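Beneath this line is the structure, given in structure tokens, with notes to follow.
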């Protein structure tokens, strides 16, 4: 069974989500990462839909959701959109699984509304490591963001002459992907131009990191409000920092960490079977 496409409104934006069923089961929302889309969760959704009513959101500026006018894609705005979808579904407490940006959004949502989340799974969703430029002094962050936006204003979205070229770019970004997975992600992540070339669906203005919203003290405070059991995944070949060395993970009182060998940033693609085994066990506890 394929998921059904629906739209909802948040912050005056028309946003898409996919409904996998199953009626009467506890609600689970899947939240994708930056420059990604909801259909990257298809394998996870199929594996969990027998026990949960699974939904997958296209974040603003991603997938089939509307691009944000003004194009400031902050964590706060993504959390606002997630809260709007959760209210539309209105079946609390919910289960959340998020990856990367979606992991940050899911974790911040859980810290903001701890009573609304039953369990949280976050795949590399703590935020950029402490040495990332997003944690630089405010004056540097502001200047870098402005200069980045001005460059983006002059940049045309990159196009690919055919589907295979776009698939190859997808595999270049993540060498762990199989041909079938890369093709699926590309088919759902691109639009066709009139000349037959393809472009990615995500808004180019979603690329630059906003200058505010990733403050370490703020994150530790938010994560410290989480009361539900939390499962963290980290790919041992990822650029992300080991959560054991991250004070933001330490702030989550009731958490368990799974370190995944032979996996990069996309743990749920790179080691799908292990991810599903550990996640199902955690959800059943």
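The values are calculated or read from the model by the stated rules, or taken from the named source; none is laboratory data. No experiment lies behind these values; they were computed from the predicted model shown. All Cβ positions, even for glycine, are placed from backbone atoms using ideal geometry, and neighbour counts span all protein chains on display.
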Looking across the stretch 86-105 at residues that are closer than 24 Å to residue 238 by Cα and not in a helix (DSSP H, G or I), the single one that is farthest from the chain's Cα centre (by Cα) is 96
Subset of the stretch 85-105 [under 10 Å from residue 57 (Cβ atoms) and surrounded by fewer than 24 Cβ atoms within 10 Å (Cβ to Cβ)] | 85, 86
So, in the stretch 176-206, of the ones that are in contact (Cβ under 8 Å) with a residue 60 or more places away in the chain and out of contact with any helix residue (DSSP H, G or I) (no Cβ under 8 Å at 6 or more places or on another chain), which residue ends up nearest to residue 266 (Cα to Cα)?
-> 206
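Among 108, 121, 134, which is the only one that is touching a helix residue (DSSP H, G or I) at 6+ places or on another chain (Cβ under 8 Å), surrounded by 15 or more Cβ atoms within 10 Å (Cβ to Cβ) and not in a helix (DSSP H, G or I)?
Of the residues listed, the single one that is touching a helix residue (DSSP H, G or I) at 6+ places or on another chain (Cβ under 8 Å), surrounded by 15 or more Cβ atoms within 10 Å (Cβ to Cβ) and not in a helix (DSSP H, G or I) is 121.
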Yes or no: residue 183 at pLDDT below 95 and either in a helix (DSSP H, G or I) or more than 21 Å from the chain's Cα centre (by Cα) (or both)?
-> no
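What is the residue count in the stretch 13-71 for residues that are modelled with pLDDT under 95 and at positive phi?
Summing the residues that are modelled with pLDDT under 95 and at positive phi in the stretch 13-71 gives 3.
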Does residue 44 meet the test of being part of a strand (DSSP E or B), within 16 Å of the chain's Cα centre (by Cα) and buried (at least 21 other Cβ atoms within 10 Å of the Cβ)?
-> no
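One line per residue, one yes/no per condition, for (1) more than 26 Å from residue 137 (Cα to Cα); (2) free of Cβ contacts under 8 Å to residues at least 60 places away in the same chain; (3) under 19 Å from the mean Cα position of the chain (by Cα):
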site	(1), (2), (3)
242	no, yes, yes
245	no, yes, no
249	no, no, yes
260	yes, yes, yes
265	yes, no, yes
271	yes, yes, yes
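Per-residue answers, yes or no, for (1) within 27 Å of residue 148 (Cα to Cα); (2) crowded, with 20+ Cβ neighbours inside 10 Å:
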position	(1), (2)
192	yes, no
195	no, no
211	yes, yes
217	yes, no
220	no, no
238	yes, no
249	no, yes
256	no, no
Among the listed residues 55, 9, which satisfies the condition of being buried (at least 17 other Cβ atoms within 10 Å of the Cβ) and not in a helix (DSSP H, G or I)?
-> 55
Strands (runs of 3 or more DSSP E) wholly in the stretch 197-285 with at least 3 residues that are closer than 16 Å to residue 122 by Cβ - which ones?
-> 230-235, 255-260
Which members of the stretch 260-285 meet the condition of being surrounded by fewer than 14 Cβ atoms within 10 Å (Cβ to Cβ) and closer than 23 Å to residue 224 by Cβ?
-> 285
Residue 76 fails exactly one of the following numbered conditions: (1) within 20 Å of residue 267 (Cβ to Cβ); (2) part of a helix (DSSP H, G or I). What is the number of that condition?
-> (1)
